[in-house]
Amino acid sequence: MNAIDILKNRGLKKTAQRVMLINILQKKSISLTESEIKSEMGDLYDRITFYRTVQTLLDVHIIHRITVDNITVKYALNQLDHEHSGNHVHFFCKVCHSVTCLEETFIPENRISKGFVAEEYEVLIKGKCEKCSSHE
Ligand SMILES: [Zn+2]
Ligand SMILES: [Zn+2]
């Protein structure tokens, strides 16, 4: 699906910022920080519009936020057709600092202790990514 279809699908108008943000995340197919997105956007970047755009896309589950640490937040596109889009884990590479969505690694709801109701999943595994571990 292209950016315009994704927005249409969620009943959102296509604005230059929304289309661009989705395009950037799609093109990179990896999670990005605000400053990484900013440098891709170039002149189109505007801080206030950026935050508004991000919030809108978060609200309708087009993208999700990954909190790496107190200062690093990354954004990634949701795999809309993926069953475990909401509860997959993230992998932080200590070597290249990339954060990857591990769509195939997820936490099944029935594996959470009885009586606990999961609403958000923020699982971050740290180590060496596929690329960095193959250099050894
Ligand atoms: Zn790496
Ligand atoms: Zn993810």
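The values are calculated or read from the model by the stated rules, or taken from the named source; none is laboratory data. Everything numeric here is computed off the predicted structure, so don't read it as measured data. Because the Cβ atoms are built from the backbone with ideal geometry, glycine has one as well, and the counts that use them run over all protein chains shown. Heads up: the accessible areas ignore ligands, DNA and RNA and are worked out on the full protein's heavy atoms, side chains in. Shrake-Rupley method; radii C 1.70, N 1.55, O 1.52, S 1.80 Å.
Tabulated values for the structure
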| item | result |
| --- | --- |
| The range 10-52 shape via C-alpha gyration tensor axes, a/c threshold 1.5 | oblate |
| Potential lengthening between I30 and I71 on full extension [0.36 nm per residue; Cα-Cα distance subtracted] | 12.9 nm |
| Where labels lie 7 Å past Cα in the beta-carbon direction, separation of K8 and E120 in nm | 3.2 nm |
| DSSP-loop trypsin sites (Lys or Arg not before Pro) across the range 1-88, with at most 11 other Cβ within 10 angstrom | K13 |
| Fraction of antiparallel bridges per DSSP, the chain only, in percent to nearest 5 | 75 percent |
| Equivalent ellipsoid semi-axes - Cα gyration tensor, the range 10-136, angstrom | 25, 20, 13 |
| Reachable aspartates and glutamates, given that their alpha-carbon falls under 15 Å from the alpha-carbon of K8 and they are not under 8 places away in the same chain | D59 |
| Restraint check, K94/K131; K28/K131; K74/K94; K27/K128, Cα-Cα greater than 19 Å | K27/K128 |
| C101 accessible area, assembled protein chains, probe 1.4 Å, Å² | 30 Å² |
| Value of Rg/Rh across the range 87-136 [Cα atoms, Kirkwood radius] | 1.10 |
| GNM top mover of S39, S31, S113 - the chain, alpha-carbon springs below 10 Å | S113 |
